[in-house]
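Novice: Have a look at this one.
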Amino acid sequence: MSLTPSNMLPLGTVAPDFELLDVLSSQRKSIQDLKSEKGTVVMFICNHCPFVKHVQEALVKVAKDYTDKGIAFIAINSNDVEAFPADSPDKMKELGEHLGFPFPYLYDESQKVAKSYKAACTPDFYVFDQDLKCVYRGQLDDSRPGNHIPVTGNDLRSAMDNLLSGKEVSTNQKPSIGCNIKWKQ
């Protein structure tokens, strides 16, 4: 496993627009369709990455907890599916249905969206406020495969709690670490 950290998109960056296929609904969805008036989480994930597999169940729980509070969640897979067939749209749909993803799982075939967000790894997390300005980018929490730290989602939860309560989100943010996005040649 190679360890790749987040690029840490500058805070205040406006979320780049996109329209991608949601493999769960078979419909094209844009960030404008999916965003929330309270806050929006964009996460770059995939099916095969051990770092994502390590947090999948927690992602579902965190999303369920905060969707009820008005936060929107959007998952995007930008991996090269020719090189990594486990990340294909059919397999994405299987995984999303199996785990009961309470969020759309979008396929970024061109990889333009990952590049526009400066996404580097899976998982990579971004929290945007009501104006789609980035207030958090970084890790879910300190847990990694094999480090025996429980998966809690504390870092992401703290950012969303501050956003929801109108408090400033701390700028002391740790990059996510995971597998690099599998770029096309």
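The values are calculated or read from the model by the stated rules, or taken from the named source; none is laboratory data. Every value quoted in this text rests on a predicted model; they were computed, and no experiment measured them. Neighbour counts are summed over all protein chains in view; Cβ atoms, including those assigned to glycine, are modelled from backbone coordinates with ideal geometry.
Novice: Would you pick out the residues in region 27-51 that are of a type in the set (S, T, N, Q) and without any contact (Cβ under 8 Å) to a residue 24 or more places away in the chain?
Specialist: Pass one, region 27-51, residues of a type in the set (S, T, N, Q): 27, 30, 32, 36, 40, 47.
Scanning region 27-51 gives Gln27, Ser30, Gln32.
Novice: What pairs can you find where one residue is in region 8-26 and within 21 Å of Pro175 (Cβ to Cβ) and modelled with pLDDT under 95, the other is surrounded by 12 or more Cβ atoms within 10 Å (Cβ to Cβ) and of a type in the set (A, V, I, L, M, F, W, C), and their Cβ atoms are less than 7 Å apart, with a gap of 6+ or different chains?
Specialist: Final answer for the pair search is Leu9/Cys134.
Novice: When the residues of region 132-184 are filtered to those that are touching a residue at least 40 places away in the same chain (Cβ under 8 Å) and among the polar types (S, T, N, Q), which remaining residue is surrounded by the fewest Cβ atoms within 10 Å (Cβ to Cβ)?
Specialist: In this case the residue turns out to be Thr171.
Novice: Let me ask something else. Collect the residues in region 149-181 that are farther than 20 Å from Val60 by Cα, outside any helix (DSSP H, G or I) and either over 14 Å from the mean Cα position of the chain (by Cα) or among the polar types (S, T, N, Q) (or both), keeping them in residue-number order.
Specialist: Across region 149-181, the qualifying residues are Gly166, Lys167, Glu168, Val169, Ser170, Thr171, Asn172, Gln173, Lys174, Asn180.
Novice: Please specify each residue of region 13-60 satisfying the condition of being part of a loop (DSSP other than H, G, I, E, B) and touching a helix residue (DSSP H, G or I) at 6+ places or on another chain (Cβ under 8 Å). Before the answer, list the steps.
Specialist: Step one: of region 13-60, the residues part of a loop (DSSP other than H, G, I, E, B) are 13, 15-18, 23-26, 35-38, 45-49.
Across region 13-60, the qualifying residues are Ala15, Pro16, Asp17, Phe18, Val23, Leu24, Lys38, Ile45, Cys46, Asn47, His48.
Novice: When you scan region 71-131 for strands (runs of 3 or more DSSP E) that lie fully inside it, which ones turn up with 1 or more residues that are more than 25 Å from Gly39 (Cα to Cα) and either in contact with a Gly (Cβ under 6 Å, 6 or more places away or on another chain) or touching a residue at least 12 places away in the same chain (Cβ under 8 Å) (or both)?
Specialist: Details: elements: 71-77, 105-107, 124-128.
Per the criteria, no element qualifies.
Novice: Just checking, how many residues over region 90-122 are under 25 Å from Val135 (Cβ atoms) and either in contact with a Cys (Cβ under 7 Å, 6 or more places away or on another chain) or among the basic types (Lys, Arg) (or both)?
Specialist: Final tally of qualifying residues: 5.
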